[in-house]
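Presented below is the structure to which this report refers.
Read the figures in this text as sums done on the coordinates, not as results from a lab. Keep in mind that what you see is a predicted model, and the values were worked out from it rather than measured. Cβ coordinates were reconstructed from backbone atoms using ideal geometry, including for glycine residues, and neighbour counts include every protein chain displayed.
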Amino acid sequence: MSSPERTIINFFSDVAFSFDGAILGLTLAFSAVRSGFKYASNSAALNKIKQAPEVSVSDLRSLIPSSDEQSETNENGNSLDRCIVVVRGTVKPKNSGDWSNKSNVLISSETGDKALIIQRTQTYMYSGWKTLFQLSNTHRYILERSMPKQGADFLRMVPFVIVENNQKPSFLDVNMDGSRQPLPLTTVYSRLQPISSSPYAFLQALLFPEYPVGLLDVEKILPPGRDITAVGICSFNNGVPEIKSCQDLPYFLSEMTKDKMIADLMRRTTVLFWGGLIMGCLSIGILSFASVRCWNRWKLWAQQREPSQRPTQPVVEDETEDADEIPDGQLCVICVTRRRIPAFVPCGHIVCCRQCALTVERGTNPKCPVCLQTIRGSMRVYYS
C-alpha cells in the first residue's frame, strides 16, 4: 500500500472513531435504516411476484376482465383491472395493420442489426491526480462521468408485442410508458476514442483534479425474437391485452423466469435482513459505548469544576508548633510535619493537615489516604 493511500485510510479511520466512535455508530445506524427500508420494499415485491399468476399469452383473456367487466367492477369499487401477472414469450415488432404487413424495426447504425430498442450512451473517461486515492495502484486509473445531456444518452424504440411460440394471432402489447426498470439489452458496439491532448494538458493534470482523456461510446439493443419474461399490470386497452410496468417491482422485462426472479429477490432480502440486523446491533453497541464514555467524561469535568466554583476561602495556617511537641499519632501522614486537623467526608478519617487535605481534595480522583474511599470534602474538627 502506497503512502498516499495509507494517509487517506488513516484520515478516514480517525474521523470514523472520533467522539469515541459516535460518527461510526451514526453511519452504521443510517445504513441499517436504509437496509430496513430496502428490505421492506424487496419483501413486498417478493410477495407480489409470488402471488402473481404465471400465464401464457393465450390465457390472458380468461384471467383479466374485459373492458365491459372492468367498467362494472370500477362502478362497484373493486380493483380487478389492476392485475399483476407474469408472462413468458417472444418479443416481436408490432405491425400497424394485420400480421401480413411488413413489420417495422430499427436498424443499428454501427452493426446493421435489427432491433426493437436501441440505447446509445457516450461517457467521458477522466483521469488526474484524483486517481491516486484509488484502492489499487497496479493499473492506470480512470474515472467515469456522464457527459451533459445534449446528445450523450438517447433511447429509440418501436412498438413491440410478446407472442407465444411465434403464434402471431395471440399477442400481448407492451406499454413502455413510465418504465424505470433495467431492460434486457445486448451490447453490440463499444468503442473508446482517445481525446487528443491540448497544449495545456500539463496544466490540466497539475491544477485540476481530473481531466477528460477518452470518450466511451456504447450501443445496446433488444433484438426481435428474444425470449423474455414480462412482469407488470395487465389490462385490456380497446380489446387488446396490454402490460405496463409496476413501479413497486424491480423487474419489468427480464430474461429470468419467475422462479429465478423469486430466488434473486429472496437472496437480496436475506442479505438486506442480516446486513441491516448486524449493522443495527453494531451501531447500538458503538453508540452506547460512546454515550457511557461521554457521560463519564462529563461527570469528571463536573467534579473538576466543582472545587473551582466554591467560594475561595483564605487558607488558615495551622498553629505554629514544633514538630517535636506533636505526638507521633497526631502527625499528618503525608507531610509528617503538621498536626492532623480536618476529617474527610464521608469516611471521617483524620489523617492529614489542612494543606495536605486541600491538595487531596483538588485531585482528579480524590480518595482518603487510609481507606481509599472517594471523598467529597473535609471538615475541621475541634476538640473541647
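For a quick check: sort Cys83, Cys371, Cys352 by the number of other beta carbons within 10 angstrom, fewest at the front. Intermediate values should be presented prior to the final figure.
Values: Cys83 17, Cys371 12, Cys352 26.
Result, fewest neighbours first: Cys371, Cys83, Cys352.
Starting from the Cα-Cα distance between Asn104 and Ile262, subtract it from 0.36 nm times their residue separation and give me the gain in nm to one decimal.
Between Asn104 and Ile262, full extension yields an extra 53.4 nm.
Quickly rank 249-262, 177-190 as a protection proxy: mean count of other C-beta atoms within 10 Å, highest first.
249-262, 177-190
Rank the residues Val55, Val381 as a footprinting-exposure proxy: fewest other Cβ atoms within 10 Å of their Cβ go first.
Values: Val55 18, Val381 11.
Least crowded to most crowded, the residues run Val381, Val55.
Just subtract the alpha-carbon distance of Cys347 and Thr27 from 0.36 nm times their residue separation and send over the number in nm, one decimal.
Values: separation 320, 0.36 × 320 = 115.20 nm, distance 4.65 nm.
This chain segment gains 110.5 nm when fully extended.
Quick one: of Lys38/Lys244; Lys92/Lys220; Lys48/Lys258; Lys48/Lys260; Lys38/Lys220, which pairs are farther than 19 Å apart, Cα to Cα?
On the way: Lys38/Lys244 23 Å; Lys92/Lys220 17 Å; Lys48/Lys258 12 Å; Lys48/Lys260 15 Å; Lys38/Lys220 29 Å.
With Cα atoms farther than 19 Å apart: Lys38/Lys244; Lys38/Lys220.
Based only on other Cβ atoms within 10 Å, what is the fewest-to-most ordering of Cys335, Cys347?
Cys335, Cys347
Pull up all non-local amide H partners of Met125: gap of 5 or more, or a different chain, and H-to-H distance under 5 Å with H placed in the peptide plane.
Amide H to amide H, under 5 Å and 5 or more residues apart or across chains, Met125 pairs with Val213, Gly214, Leu215, Leu216.
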